[in-house]
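Let me begin by presenting the structure, written as structure tokens, before commenting on it.
Quick note: the coordinates plus some simple rules give every number you see, no bench work behind them. Here the structure is a predicted model, which means the values were calculated and not measured. Backbone-built Cβ (ideal geometry, glycine too); neighbour counts: all protein chains shown.
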Amino acid sequence: MGKLDEVKEILNTLRVAFSITVGFIALLSGALVNNIRKDQIDLFFWTGIGILILLSIFLVIIIHFIVKKTKEIKDL
């Protein structure tokens, strides 16, 4: 497999990870809003907030790697 194909495959994997992470963020945000509307602010709510923050950080890291791999394709 050529270097270009390898970088493209990694980039596609990162894009899939990005899509899945965005889906988890949307799902978790909806559940948290539902808990707020039901006035169920408990340990599970705060755990969800923590997970949401971690997923957001993970999303920024994925975006960083996508930009890096895109620039690497440009250089090949």
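Helical content alone sets the calculated 222 nm signal of the chain at -32500 deg cm²/dmol, taking -39,500 (n - 2.57) per DSSP H segment of four or more residues and averaging over every residue. The angle between the Cα long axis of helix 43-75 and the main principal axis of the chain comes to about 10°, on a 0 to 90 degree scale.
Treating only the Cβ of Lys, Arg, Asp and Glu as charged (+1, +1, -1, -1), what charge dipole size does the chain show about its Cα centre? Round to the nearest 20 debye. Let's see the in-between values first.
Values: 9 positive and 7 negative charges, 40 e Å.
The dipole magnitude comes to about 200 debye.
Considering only alpha-carbon pairs that sit under 8 angstrom and 6 or more positions apart, the relative contact order computed for the stretch 3-71 is 53 percent.
Projecting the Cα atoms of Phe18, Phe45, Thr70 onto the charge dipole of the chain, computed from C-beta unit charges around the Cα centre, puts Thr70 farthest toward the positive end. Averaging 1/r over every pair of different alpha carbons in the chain and inverting the result gives a Kirkwood radius of 14.2 Å. Taking 7 Å steps out from each Cα toward its Cβ at Thr70 and Gln40 produces label points 3.9 nm apart. Helix 3-37 and the longest principal axis of the Cα set of the chain meet at an angle near 10°.
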